[in-house]
Structures are given as C-alpha cells and as structure tokens.
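The values are calculated or read from the model by the stated rules, or taken from the named source; none is laboratory data. What you see is a predicted model, and the numbers here were worked out from it, not measured in a lab. All Cβ positions, even for glycine, are placed from backbone atoms using ideal geometry, and neighbour counts span all protein chains on display. Surface accessibility is based on the protein's heavy atoms, side chains included, excluding ligands, DNA and RNA. Shrake-Rupley method; radii C 1.70, N 1.55, O 1.52, S 1.80 Å.
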Amino acid sequence: MLILEHEAKDLLRSVGVRVPDGDVIRPGPRALQAAVKRITNYPVAVKAQVRSGGRGKKGGVIRVDSAGQLRAAVKRLFTTSFGDEQPAALLADPWLAIDRELYLSVTVDGAAEGYVVLYSPRGGVDVETGAPPARYPIGAPWRFRTHELRAVLEPVEKDFQVRERVIALAQRLVETAAARDCTTIEVNPLARLANGDLIALDAKVVYDEWGHFRNRDIAEQRAGIHRRADRLLKACLDMQHMYVRLDGDIGLISGGAGMTMAAMDLIRQYGGRPACFFDCSPGPTSTRGYRPALAMLDADPQVKVILVSIFGGGTQMQRVATAMKENMPLRRGTKPIVFRLDGTHVDQVPGILATFGARNHDCLEDAVREAIRLARRA
C-alpha cells in the first residue's frame, strides 16, 4: 500500500529523520489563497501528490519563484493526470541548494529473508540507469550491524562523513519499517547539503496492508481507498481482491501474487500488454467471489480480452470452473475469456467449461498466446 509523499515525510519526521518544511496544498480557490499567504520564501518546488511513478519526468514537479507562478503551477498540476491519477493534493517544498544526491532505501527482500538496505552514491530521477545499488541483506531487523553495513558502503562511498551519516539513517529506517509495518521506505534523493547535513528531499513508503488490524495509519489508508473507489472497484476490495490497473489490453484474473506476476511476464514476453494485476486468491472461490472481478474487467473499455489463470493446490479447480460457469449468464459484457486452470481436480474442468463453450488450455504459454491473438483481432 503506497502512501503519498507528504504522508511519507510525516512518518519520517515523526521518527527524527530530517525532511523539508513543506506546505500541503489542497484543491480549491480558498486553499490556494491560503497557501499563497503562508508561503513567503521563494523559490519552492511544487510537487503533485500521486502514487504513480516517474512524476518528475512527466512535469509533476515545478519550480516557482513568485506567488503568481505558484498560482499558475497549482492550477496546472491539479488539472494534470499522472498515470490515470489526478493529484488530490500538492506539496510545496523549499528549493534547497544541494551538494549531492544520494539514494537510500530499506525494503523487504525474499533472498534476504527479511529486510535489505540499498544504497547508491548517485540518486535522483535517473538512479535506475546507473550501477546497481550496494546491498546489505539484514533479514530480521534485530540483525542490523553497523560494522557490516560500513563494510558494504566503504567500496562505494568514499566520503567517511557521508558514510557514517548514512549508516545511522539506515538503522533508523530499518527500525521504523519494522515498527510501522512498512515493506519499503525509499529516500530518493537523499540530499547532502553544503553544510554536510543529509535531508530526505523525496520519500516513498509502502505499508504492509495486512497490518491494518494493529496499525491505525494503515487502517485509515484502507478506509480512504474504499471511499475513493467506484462501485465496481469497491465490490472487488470487499472480496479482498488485489487490483492494480496497468496500461495494457489483456485483463488478467489470477490467484497468488507470484502466479499473477508470472502470467504478466509471459504476456509481455510474447508481445502482449497486461491491463492489470488482479490477484483474486484472498477472496472466495465461488460465484460471488469472481463476479466483481469479471464485472470490473467487462466494464473497462481498455480491456479487449480476459485471461483467467488459476493454479490451485488447496484451491479446487472444479469449484473455480463452476463459479465461472455460473457467472457467464450474469455478465453484461461479451469480451472473450481465455482459461488456464490447473491443480486439484483439474480433470473435471474441461467438462464444466464445455457447457458454456469454453475450453481449458493445457499450459499457460498457450493461453497467453491465445489471449494476445484475440486482443490483436479485437
């Protein structure tokens, strides 16, 4: 669950990490007028508060040097979409004189069996085009050792003052991630000012959504997502489905994050474009469980074909197939559906799908090729 930049900075500020003293601007003429009165020191960076990536390269960060420019920037950003998302707020941060831009993050990593610290001596918008960051796999947060991170940083960060400050900050980020149910805390850029201080110019925090029962911030974020959702998305969220909209035309219904990602990778490998990440495994494998997922993709004009790829050990495939059969008369759309079901009781699946004119593909590769063919023909 990715939160907005200004929310991430509030979290970092609460644990003693230095961040700019920014000003959050809400939509509306009154909020704009109040912001113009509050902001008296220029220049400032006005930044769109969106969850989609690449904001800086899409014009989502504007330098302003006067109140007039601030008004123009605010009006422009509030009417601009970034990855199908319009800003619900803007953040005006002081424009600081930066000596260096660094990169530092703490994230959950399967190979580390827990957290890993990532550091690069060169941060900013082009960090992904440079050398891979140095990695310090920690695992459980209590395994963090300053001397181990120091040994990792010494070959890549020659400034010992920066290195020691980064070590102290990394330790705090690890402790914060563990205490606040974060799967990722990323600071990019982590700026070194002329006086040697480090400050988090931008921050990204991803919460573990399943920590909502013990974390009020996560519970409030979940409630906000439900409030902002339209009717179809709200029905999917009620079923605990995991949905992320993408820019492709092949709607994917799958089970389990790993299987969903594997199907998405195959779609791209064979020249197609997935329209979504749609993991339905947390919901019930019943007519009621899959109905909102099908309705969501049928209503999306971007989706040309639907691929249902489910592999089940505990999940019984004849129940999934029966749910699909019962949902067919309830559909309002006529988009073709390609099936690849495999796992427990899969031998019963072909007969069930045949009752409504569908067939089960023997392997995911064949199903993906068929979905791409249908999408191109639509």
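Quick grid of which residues meet (1) touching a Cys at 6+ places or on another chain (Cβ under 8 Å); (2) modelled with pLDDT of 95 or more; (3) open to solvent by less than 20 Å² (accessible area, probe 1.4 Å):
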| residue | (1), (2), (3) |
| --- | --- |
| ALA112 | no, no, yes |
| TYR115 | no, yes, no |
| ALA168 | no, yes, no |
| ARG172 | no, yes, no |
| VAL187 | no, yes, yes |
| LEU201 | no, yes, no |
| VAL205 | yes, yes, yes |
| GLU209 | no, no, no |
| HIS212 | no, no, no |
Go through the range 214-238 and report how many residues are without any contact (Cβ under 8 Å) to a residue 12 or more places away in the chain and surrounded by 13 or more Cβ atoms within 10 Å (Cβ to Cβ). 3
Tell me whether the range 240-247 contains one or more residues that are among the β-branched types (Val, Ile, Thr), open to solvent by 10 Å² or more (accessible area, probe 1.4 Å) and in a strand (DSSP E or B). yes
Consider ALA178 carefully, then state whether it is small (Gly, Ala, Ser) and open to solvent by 40 Å² or more (accessible area, probe 1.4 Å). yes
Residue in the range 42-49 that is surrounded by fewer than 18 Cβ atoms within 10 Å (Cβ to Cβ), in a loop (DSSP other than H, G, I, E, B), on the phi > 0 side of the Ramachandran plot and not aliphatic (A, V, I, L, M) present: no
With the requirement that a residue be touching a Lys or Arg at 6+ places or on another chain (Cβ under 7 Å) and closer than 30 Å to VAL125 by Cβ, what does the range 201-246 give you? ALA203, GLU209
Taking the conditions exactly as written (basic (Lys, Arg), under 23 Å from GLU186 (Cβ atoms) and at pLDDT 95 or above), does LYS57 satisfy them or not? no
Of the listed residues (THR334, THR322), the one being farther than 21 Å from LEU237 by Cα, open to solvent by 10 Å² or more (accessible area, probe 1.4 Å), touching an Asp or Glu at 6+ places or on another chain (Cβ under 9 Å) and of a type in the set (Val, Ile, Thr) is THR334
On the basis of being open to solvent by less than 30 Å² (accessible area, probe 1.4 Å), of a type outside the set (D, E, K, R), closer than 19 Å to TYR243 by Cα and over 23 Å from the mean Cα position of the chain (by Cα), does VAL349 make the cut? no
Residues that are out of contact with any Phe, Trp or Tyr (no Cβ under 9 Å at 6 or more places or on another chain), over 21 Å from VAL174 (Cα atoms) and open to solvent by less than 40 Å² (accessible area, probe 1.4 Å): does the range 60-73 have at least one? yes
Given the condition surrounded by fewer than 21 Cβ atoms within 10 Å (Cβ to Cβ), polar (S, T, N, Q) and either farther than 18 Å from CYS236 by Cβ or without any contact (Cβ under 8 Å) to a residue 24 or more places away in the chain (or both), answer yes or no: does some residue in the range 302-313 qualify? no
Residue within the range 286-296 that is open to solvent by 70 Å² or more (accessible area, probe 1.4 Å) and either touching a residue at least 40 places away in the same chain (Cβ under 8 Å) or of a type outside the set (Phe, Trp, Tyr) (or both) present: yes
Pairs under 9 Å by beta carbon, first residue in a helix (DSSP H, G or I) in the range 53-80, partner among the aromatic types (Phe, Trp, Tyr) and surrounded by 12 or more Cβ atoms within 10 Å (Cβ to Cβ), six or more apart or different chains? LYS58/PHE82; ALA67/TYR42; GLN69/TYR42; LEU70/TYR42
Consider only pairs whose beta carbons are under 7 Å apart and that are at least six residues apart or on different chains; among these, list those whose first residue lies in the range 109-130 and is on the phi < 0 side of the Ramachandran plot and whose second residue is of a type outside the set (A, V, I, L, M, F, W, C) and in a helix (DSSP H, G or I). TYR115/PRO141; VAL125/GLY56; VAL125/LYS57
Hey, could you check the range 22-39 for residues that are assigned to a loop (DSSP other than H, G, I, E, B) and not hydrophobic (A, V, I, L, M, F, W, C) and say which is surrounded by the fewest Cβ atoms within 10 Å (Cβ to Cβ)? GLY28
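Specify which of the listed residues (VAL368, VAL320, VAL349, VAL338) is touching a residue at least 12 places away in the same chain (Cβ under 8 Å), outside any helix (DSSP H, G or I) and of a type in the set (A, V, I, L, M, F, W, C).
None of the other options fit; the residue is VAL338.
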Where GLU128 falls short, out of the listed (1) buried (at least 16 other Cβ atoms within 10 Å of the Cβ); (2) assigned to a helix (DSSP H, G or I); (3) at pLDDT below 95: (1)
